[in-house]
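Some notes on the structure that comes next.
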Amino acid sequence: MTRIYVLNGHPAESSLSKQLSVTYARTAEASGHEVRICHLHEMDFDSDYGFGGYSQTKPLEPDLQGFVRDLEWCEHFVMTTPMWWGGLPAKLKGLFDRALLPGQAFDPRNTTMGIPAPLLKGRSGRVFLTADTPGWAMSLFYKKAMLRQVEKQILGFIGLKPVKTSFFAPASHPERKAVESWLTKTQKLAAKAA
């Protein structure tokens with residue numbers, strides 16, 4: 001049994017990301033894993049770091065506190081998200097900006113070659129990324145920039161390892177067969193907590 005935290009990172013109430021996250025959570029639970037799921041659209045917090053800083057932090061709202069608790073609780077973190085303008089949706093980026101703080105997610109006083117020590121080691125990650133950009137263009141033109149950001153500069157930075165990505169495209173108006181295939185792949189990964 002694995003403790004799994006699933007985050008639907010789409011800010012809308014209804015989305016392909018939500019469908020993928022719910023499918024993953026239900027399949028993982030049915031396979032005997034302990035699962036918690038959270039939907040970004042239900043979370044209430046100010047995504048602007050605003051006046052906050054590392055010496056004067058902005059207090060975390062209850063939903064951000066819950067996100068941190070669940071991230072610390074899990075052994076495997078799963079996130080579904082669309083790619084918008086080559087990056088994360090603003091509210092999802094705001095969640096990371098606000099919740100992944102020094103002393104909690106990484107230690108800026110303990111560095112190796114200038115890189116802060118991660119504080120959330122011992123967890124793995126899976127990202128389900130939907131986009132309209134074809135996979136070949138994601139690699140050739142954009143050098144998988146968003147994948148590197150999420151896998152290495154966000155989740156890897158705080159200690160999750162390994163972090164793997166499942167990339168599904170085109171996703172805005174997908175054919176039914178494509179969605180069925182993506183859901184089947186999601187179920188297979190969920191059963192193994194992968």
Problem set entry | Net lengthening on full extension, Trp136/Gln56 (0.36 nm per residue, minus Cα-Cα) | 24.4 nm
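Could you provide, to the nearest whole Å², the per residue accessible area of the range 9-110 with probe 1.4 Å? List each step's numbers first, then the result.
Details: 4940 Å² over 102 residues.
About 48 Å² of surface per residue is accessible.
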Seminar exercise, completed: Here the convex hull volume per residue of the range 46-190, taken over Cα atoms and given in Å³, is 135 Å³
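Can you give the Kirkwood hydrodynamic radius for the range 1-121, in Å, rounded to one decimal and based on Cα pairs?
Working: mean 1/r = 0.0646 Å⁻¹.
About 15.5 Å for the range 1-121.
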Seminar exercise, completed: Projecting the Cα atoms of His41, Thr130, Thr57 onto the charge dipole of the chain, where Lys and Arg contribute +1 and Asp and Glu -1 at Cβ, the residue farthest towards the positive end is Thr130
Exercise. Dipole magnitude of the range 1-49 about its Cα centre, charges +1 at Lys/Arg Cβ and -1 at Asp/Glu Cβ only, in debye to the nearest 20?
Worked result: 340 debye
Exercise. In whole Å, what is the distance between the alpha-carbon centres of the range 70-132 and the range 163-194?
Worked result: 21 Å
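Give, rounded to the nearest 20 debye, the magnitude of the charge dipole that the chain has about its Cα centre when Lys and Arg contribute +1 at Cβ and Asp and Glu contribute -1 at Cβ.
Computed charge dipole of the chain: roughly 800 debye.
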For this session: With no solvent and one equal point scatterer placed on each C-alpha of the range 129-194, evaluate the Debye formula and give log10 I(q)/I(0) for q = 0.28 Å⁻¹, two decimals.
Result: -1.15
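Out of the total accessible area of the chain (probe 1.4 Å, heavy atoms of protein only), what percent is carbon and sulfur?
Working: 5260 of 10210 Å².
With neighbouring chains kept in place, the figure for the chain is 52 percent.
In what order, largest first, do Cys38, Cys74 sit by accessible area if the probe radius is 1.4 Å? Could the numbers behind the result be given before it?
Details: Cys38 25, Cys74 5 Å².
The most accessible residue leads, giving Cys38, Cys74.
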Problem set entry | 21 Å Cα-Cα reach of Lys164 towards lysines, excluding residues that sit fewer than 8 places from it in its own chain | Lys18, Lys93, Lys121, Lys143, Lys144, Lys152, Lys185, Lys188, Lys192
Problem set entry | Trp73, Trp84, Trp136, Trp182, reordered so the largest accessible area comes first (probe 1.4 Å) | Trp136, Trp84, Trp73, Trp182
For this session: Have a look at the range 41-110 and give its Rg and Dmax from the Cα atoms, expressed in angstrom.
Result: 12.8, 35
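The values are calculated or read from the model by the stated rules, or taken from the named source; none is laboratory data. Owing to the predicted nature of the structure, the values given are computational and were not obtained by experimental measurement. We place every Cβ from the backbone using ideal geometry, glycine too, and count neighbours over all the protein chains shown. Side chains included, ligands, DNA and RNA excluded: accessible areas come from the protein's heavy atoms. Shrake-Rupley method; radii C 1.70, N 1.55, O 1.52, S 1.80 Å.
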